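The values are calculated or read from the model by the stated rules, or taken from the named source; none is laboratory data. As the structure is a prediction and not an experimental result, all values here were calculated from the model. Heads up, the Cβs are rebuilt from the backbone with ideal geometry, glycines too, and the neighbour counts pull from every protein chain shown. Keep in mind that these areas ignore ligands, DNA and RNA; they rest on the heavy atoms of the full protein, side chains included. Shrake-Rupley method; radii C 1.70, N 1.55, O 1.52, S 1.80 Å.
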Amino acid sequence: MACNIDQFLDQKTPDNEPLRGKYMKSFGYHSLMHRMPDVFSAMTGLLKAEQFTLANKEEINDIVNKLELLLSEILNNKPLRTIDSTCTLALIWNQLLEKKFNSDSIVTWFDTEWLFTENYLYIRIKEIFEKTKMLKDYDPFKQLKYKAFDESEITMIAIADFLNPQFSKKELDNKNLKTLFIQILKICLWGNRFDLSLNIGKSKNITEDPLEAVVSLDKYILTDHSDEIWNTLNASNDKNPKIIDIILDNSAYELFTDMCLADFFITYGFAETVVFHGKSIPWYVSDVTKPDFEHFLNRLINECASSALQQIGNRWNNYYKTGKFVIECEEFWTLPHCYSTMATEDSELYKKLACSQLLIFKGDLNYRKLIGDINWSPSTTFKSALCQFQPTAVVALRTLKCDCVCDLNCDYETKIDETDKDDNYLCSTNYWQVNGKYAVVHLSK
């Protein structure tokens with residue numbers, strides 16, 4: 001049973017304030033009150049469907065009960081508590097929670113910043129599995145990620161059919177190379193539409209022609225710094241070795257598009273190494289972990305009938321074995337920090353990223369952390385919203401799935417379809433801000 005809505009505020013998030021669940025006309029409220037039951041239902045359904053041993057089934061029943069209690073905590077706006085674990089990540093979380101308890105008079109699911117509580121949810125889920133004997137490292141979302149791979153295979157084949165011959169052309173003039181880069185960058189951008197945490201329980205068969213989609217969807221990009229990104233890639237600098245970092249979002253199709261972009265950088269000499277940054281534990285349903293990354297490569301090579309996917313999979317697996325593709329899963333990405341705090345909260349990571357030619361941040365959660373999860377005025381520049389987070393050139397590729405956004409062109413409203421301007425989407429904000437139909441390509445340097 002959900003808490004009394006009288007304790008919430010029937011308004012949107014105030015300007016220049018962090019998003020919080022207590023604002024009923026915000027996506028934070030909708031997410032906690034309406035999306036979370038879907039996430040928990042999917043988790044428990046998948047757990048019950050797994051073919052476990054009898055002993056495991058007893059643990060599964062206990063996990064399901066604890067998940068139901070956790071959901072009840074959320075819906076009843078209970079106070080947050082420390083994590084009952086001695087793992088390094090939990091200990092860091094507990095330090096942050098103690099600071100929060102000391103600084104804020106109310107620390108509950110809906111009153112505390114949504115970015116904090118939504119991140120906190122996934123360390124609490126991890127805690128539940130960690131308490132078991134046989135399922136300590138179990139990923140409750142892995143079957144959803146496997147299914148997402150199946151549902152996107154047709155489109156991945158189309159992209160591989162296009163890119164395999166392209167990547168064999170080592171010598172392209174600058175004009176054709178730029179055209180190819182923009183195509184792959186936009187494929188990578190729109191790959192972010194397919195987010196399991198927002199579409200959980202819904203079939204998302206991806207059968208569109210990706211090259212046609214890049215053209216037809218261009219009108220929905222509200223700010224597009226693609227040309228500036230190309231110029232930045234071509235600007236000389238003295239960084240050696242040449243590294244580009246991609247901070248990942250979703251597994252399956254989006255990961256495929258991320259690797260396509262990374263392959264472009266390697267093939268045409270823009271980078272010697274591409275470092276992918278994933279999550280150290282199961283996170284936001286479909287976020288990439290190291291096991292996801294390796295399983296993805298294995299499926300392309302060993303489980304796909306398509307020769308095109310096998311070819312590109314073998315190519316990428318070779319990159320991985322030879323260190324041209326690297327996957328790192330630092331714990332910072334599973335903490336609630338805005339990235340403007342990275343220089344002080346994780347100075348080693350900040351210094352490492354500063355050695356990169358380019359940082360490419362994928363998706364909604366990374367975008368929210370980049371700009372502080374603040375309800376900025378749409379005219380606020382991306383550079384200003386980063387609040388001095390600038391270890392090197394920073395790119396954000398994001399389809400809009402929550403309230404916060406910045407650096408929109410002055411004519412952005414002309415690009416929004418009338419049917420997407422309503423603000424009656426389950427008591428949320430304007431529908432165009434949350435439906436994944438619109439996108440931004442930002443650069444700050």
- [ ] First measure r as the distance between the Cβ atoms of Glu272 and Asn76, then evaluate 1/(1 + (r/R0)^6) with R0 = 41 Å and state the FRET efficiency to the nearest 0.05.
- [x] 0.20
Task: Gain on full stretching of the segment that runs from Ile301 to Gln7 - 0.36 nm per residue minus C-alpha separation - done: 100.5 nm
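About its Cα centre, what dipole magnitude does region 212-364 give when the only charges are +1 on Lys and Arg Cβ and -1 on Asp and Glu Cβ, stated in debye to the nearest 20? If you can, show how the numbers build up before the last one.
On the way: 12 positive and 23 negative charges, 101 e Å.
Charge dipole, region 212-364, about its Cα centre: 480 debye, nearest 20.
Which value, in debye to the nearest 20, gives the size of the charge dipole of region 1-123 about its Cα centre, when Lys and Arg are +1 and Asp and Glu are -1 at the Cβ?
Working: 12 positive and 17 negative charges, 20 e Å.
Rounded to the nearest 20 debye, it is 100 debye.
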Task: Nearest 10 degrees, 0 to 90: helix 114-130 Cα axis against the chain principal axis - done: 80 degrees
TODO: Can you figure out the FRET efficiency of Glu50 with Ser384, using R₀ = 56 Å and their beta-carbon distance, to the nearest 0.05?
DONE: 0.75
TODO: Could you state how much accessible area Glu98 has, in square angstrom rounded to the nearest 10, with a 1.4 Å probe and all protein chains kept in place?
DONE: 90 Å²
TODO: Mind checking which of Asn174, Phe162, Tyr146 is farthest towards the positive end of region 142-189's charge dipole, using Cβ charges of +1 (Lys, Arg) and -1 (Asp, Glu) about the Cα centre?
DONE: Asn174
Open item on the list: What do you get for the angle between helix 54-75 and the principal long axis of the chain? Use alpha-carbon atoms, 0 to 90 degrees, nearest ten.
Closed with: 80 degrees
Task: Principal-axis tilt of helix 142-151 within the chain, Cα atoms, nearest 10 degrees - done: 40 degrees
Task: Pair Asn16, Cys355: separation of 7 Å Cα→Cβ label points (nm) - done: 3.9 nm
Open item on the list: Running a GNM on the chain with Cα contacts under 10 Å, which residue among Lys142, Lys401, Lys175 ends up with the highest mean-square fluctuation?
Closed with: Lys175
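Expressed in nm to one decimal, what extension gain is obtained for the pair Asn102 and Thr179 from 0.36 nm per residue of sequence separation less their Cα-Cα distance? Can you show the working numbers first?
Details: separation 77, 0.36 × 77 = 27.72 nm, distance 5.33 nm.
The Asn102-Thr179 span can extend by a further 22.4 nm.
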Open item on the list: On a straight-distance basis, which lysines could pair with Lys242 in a cross-link, Cα separation under 22 angstrom, same-chain partners fewer than 8 positions away excluded?
Closed with: Lys169, Lys170, Lys178, Lys321, Lys324, Lys351, Lys352, Lys362, Lys445
Open item on the list: Under 24 Å between alpha carbons, and skipping anything fewer than 8 positions from Lys136 in its own chain: which lysines qualify?
Closed with: Lys48, Lys57, Lys66, Lys126, Lys145, Lys147, Lys279, Lys290
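I want the local charge near Arg20. Using Cβ-Cβ distances under 9 Å, sum +1 for each Lys or Arg and -1 for each Asp or Glu among the other residues.
Working: positive: Lys22; negative: Glu17, Asp111, Glu113.
That sum, taken over residues with Cβ under 9 Å, equals -2.
Semi-axes, largest first, in whole Å: what does sqrt of 5 times each Cα gyration tensor eigenvalue give for region 50-202? Write down the numbers at each step before the final one.
Numbers: eigenvalues 337, 108, 42 Å².
Whole-Å semi-axes of the equivalent ellipsoid: 41, 23, 15.
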Open item on the list: Students often get this wrong: which residues of region 49-83 have the backbone nitrogen under 16 Å from the point 7 angstrom along Cα-to-C-beta of Tyr146?
Closed with: 49-53
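Could you compute the net charge surrounding Glu73? Neighbours are other residues with a C-beta less than 12 Å from the C-beta of Glu73; K and R count +1, D and E count -1. Write out the running numbers ahead of the final one.
Numbers: positive: Lys66, Lys78, Arg81, Arg124; negative: Glu68.
Once positives and negatives cancel, what remains is +3.
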Open item on the list: Just to be sure I understand: with springs between alpha-carbon atoms less than 10 Å apart, which residue in Ser356, Ser251, Ser216 has the highest mean-square fluctuation in the Gaussian network model of the chain?
Closed with: Ser216
- [ ] Within region 123-188, report the GluC sites (Glu not before Pro) that DSSP leaves as loop and that have at most 10 other Cβ atoms within 10 Å.
- [x] Glu171
TODO: Treat every Asp and Glu Cβ in the chain as -1 and every Lys and Arg Cβ as +1, leave all other atoms uncharged, and give the resulting dipole magnitude about the Cα centre to the nearest 20 debye.
DONE: 660 debye
Task: Amide N proximity, region 315-354 versus Glu294 label position 7 Å along Cα-to-Cβ, cut-off under 19 Å - done: 315-331
- [ ] Could you give me the percent of Cα pairs per 5 Å distance bin for region 4-138, shortest bin first, beginning at zero and ending with the bin that holds the maximum distance?
- [x] 2, 9, 18, 20, 18, 15, 9, 5, 2, 1, 0
TODO: Just report the Cα centroid separation between region 94-154 and region 288-320, whole Å.
DONE: 28 Å
Task: Helical contribution to [θ] at 222 nm, DSSP H n ≥ 4, -39,500 (n - 2.57), averaged over the chain, rounded to 500 - done: -13500 deg cm²/dmol
Open item on the list: Taking 41 Å as R0, compute the FRET efficiency from the Cβ-Cβ separation of Leu172 and Glu345 and round it to 0.05.
Closed with: 0.45
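Semi-axes of the equivalent ellipsoid of region 311-409: what are they in whole Å, largest first, if each equals the square root of 5 times a C-alpha gyration tensor eigenvalue? Could you put the intermediate results ahead of the total?
Numbers: eigenvalues 148, 59, 30 Å².
Taking √(5λ) for each eigenvalue gives 27, 17, 12 Å, largest first.
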Task: Alpha carbon centroid spacing (whole Å) that separates region 216-233 from region 157-187 - done: 16 Å
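Of all chymotrypsin sites (Phe, Trp or Tyr not before Pro) in region 119-183, which ones are in loop regions per DSSP and have a Cβ with at most 15 other Cβ atoms within 10 Å? Could the numbers behind the result be given before it?
Working: sites: Tyr120, Tyr122, Phe129, Tyr138, Phe141, Tyr146, Phe149, Phe162, Phe167, Phe181; in loops: Tyr138, Phe141.
Here no chymotrypsin sites (Phe, Trp or Tyr not before Pro) fit, given the DSSP loop and packing criteria.
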- [ ] Give the Cα extents of the chain along the principal axes, in whole Å, largest first.
- [x] 63, 55, 44
Open item on the list: Spelling out what I want: for every residue of region 378-383, take phi, set θ = phi - 60°, compute 6.51 cos²θ - 1.76 cosθ + 1.60 (Karplus), and round to whole Hz; glycine and proline get x.
Closed with: x, 7, 4, 5, 4, 4
